[in-house]
Amino acid sequence: MSGRSSRPSVSPSKYSEEKRNAVADKIPQTDLVVIGGSAGCVPVIIDLLDALPPSFPFAVVLVIHRQKSVPSEMDKVLGSNSHVRVIEPNDKDFILPGRVYLAPQNYHLLIEQDRSFSLDYSEPIHYSRPSIDPTFESAADVFGRRCTGILLSGANRDGADGLASILQSGGTAIVQNPATCDFPAMPQAGLEAAPEALILAPAEIASFISPEKP
Amino acid sequence: MNDTSDITPEELDDLIQLIKGHYGYDFGDYSRASLTRRVRQCMEKAKIPTVYDLRFHLLNETSFFAWFLQSLTVNVTEMFRDPAFYRNLRETVIPRLASYPLIKIWHAGCATGEEVFSMAILLKEEGLLERTRIYATDINPANLEKARKGTVPLSAMKEYTANYIRSGGKAEFSSYYEARYDEVVMDPALLERVLFSQHNLVTDQVFNEFQLICCRNVLIYFNKDLQNRVLKLFYDSLVPFGYLALGMKESLLFMDVRSQFEAVSESVKVFRRKA
């Protein structure tokens, strides 16, 4: 977390500790952790990936708002600090545990019942392609209670409806504590759509998805 | 968006059967995740609360089905999408095509024609448009009607111009179109060598022989079975050493035809039929 001290630091409150304890038993039931974010989310994601243990029993899918027609090395940027390699999946690639996937530029990323990816080139949603909502919604359809959705810093309300879908399907919903966000609009919208979502600071999210680490 | 009635996989199967039985369009081998989204969106737009109501409309209103079909298929497209692809086309593929006396190109799933217009510009700049025939096909008649008009939304031109420049374009992009109110009309000379016609990749067969087939971001809406069948159709429609261009995230890696093609560029997904 060094070099980013400008972000307000949040000490784990009693509230979030209780919540964390309440969900600590949920991660073993998760097959898919799907993470969405926009402005301000990249440093958080880099730290989250850095915190992942060398092997983990679920797949991670990242959906980040990004520019569409310029060459991008986002996969390398995200993996730069970490032992984890970030994969931009091809259409119909199977989702495998222990892997980290990144929604490719200029496509929506959907999930099929056989747990493979489908790409989709339909209209941008919330001005974005990839958009977070369709990935969250199809993840909820396919993974149900074995899905965890995490909504990070961002400047619009993409992902809020998807987060609610994940909750409705019995999955786990988490938002980054808006007080820790450079752009809190996205997790705030998430909380409005899914009030039961857990509110966690980045470090707490990291410990949530890497329970084996002390 | 969450309050609308949900559609289960079984309900989607029923709808697919209904559409096939009643109208002859077979969506059985389309990607379910995308199709589910499209059906949900149609229901929201038309304010249809349940799948039961949707079935009623589909069975009883032919005009509703026409709208439904138009909304169900994804018709989004761009000019010079993925400039790196067009650069590869210009530098690697087009020079090879130049050796044929008559160049035949198939745009399969051309939507409203933006990629066809891009190809025509490219060929014109390489001096080959005059001896090229472009066959542009789509499942959706409304798309073809729009494509024949050669119109593009004015609001998109800034982005398309940037794409064109990045792709190695040689002229003033604005020299290829005329602005009219909120849209632009492509130079009719670009479309003189283009034949737009309806073709359904699910059911229709080989209809000609081509040196280049462009089918970018169409196969993503199909399941693997249908992808395999369509790729076989493309193989059969290509001359030996003919080229096949797919979308940037469409792979031949796990497809039946993979050993019959070689990669010209793995990064922009241009392949070539082996002899």
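Quick notes
Every residue, every condition in (1) among the acidic types (Asp, Glu); (2) within 9 Å of chain B (Cβ to nearest Cβ), yes or no:
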residue	(1), (2)
A:75	yes, no
A:83	no, no
A:94	no, no
A:104	no, yes
A:107	no, yes
A:115	no, no
A:120	yes, yes
A:127	no, no
A:137	yes, yes
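- Odd one out for residue A:81 among (1) within 16 Å of the chain's Cα centre (by Cα); (2) farther than 15 Å from residue A:111 by Cα; (3) not charged (D, E, K, R): (1)
- Residues (more than 10 Å from the chain's Cα centre (by Cα) and either on the phi > 0 side of the Ramachandran plot or polar (S, T, N, Q) (or both)) located in segment B:94-142: B:99, B:118, B:127, B:132, B:140
- Residue check, residue B:14 more than 10 Å from chain A (Cβ to nearest Cβ), among the acidic types (Asp, Glu) and in a loop (DSSP other than H, G, I, E, B): no
- Scanning segment B:146-192 for residues that are outside any helix (DSSP H, G or I) and loosely packed, with under 15 Cβ neighbours inside 10 Å yields B:153, B:170, B:171, B:172, B:178, B:179, B:180, B:181, B:182, B:185, B:192.
- Looking across segment A:181-199 at every residue that is outside any loop (DSSP other than H, G, I, E, B) and touching a helix residue (DSSP H, G or I) at 6+ places or on another chain (Cβ under 6 Å), the one that is surrounded by the most Cβ atoms within 10 Å (Cβ to Cβ) is identified as A:190.
- In segment B:24-35, the qualifying residues are those that are surrounded by 14 or more Cβ atoms within 10 Å (Cβ to Cβ) and out of contact with any helix residue (DSSP H, G or I) (no Cβ under 6 Å at 6 or more places or on another chain), and the one that is farthest from the other protein chains (Cβ to nearest Cβ) is B:35.
- Against the list (1) within 14 Å of another protein chain (Cβ to nearest Cβ); (2) touching a Gly at 6+ places or on another chain (Cβ under 9 Å); (3) more than 16 Å from residue B:110 (Cα to Cα), the condition residue B:219 fails is (3).
- Residue that is farthest from residue B:95 (Cα to Cα) [pool: residues in segment B:223-245 that are at the interface with chain A (Cβ under 9 Å from one of its Cβ atoms) and within 17 Å of the chain's Cα centre (by Cα)]: B:223
- Every residue from segment A:57-83 that is modelled with pLDDT of 80 or more, farther than 30 Å from residue B:161 by Cα and not in a loop (DSSP other than H, G, I, E, B): A:59, A:60, A:61, A:62, A:78
The values are calculated or read from the model by the stated rules, or taken from the named source; none is laboratory data. From a predicted model like this one, the values you see are computed outputs, not experimental measurements. For neighbour counting, all protein chains shown are included, and Cβ atoms are generated from backbone atoms with ideal geometry for every residue, glycine included.
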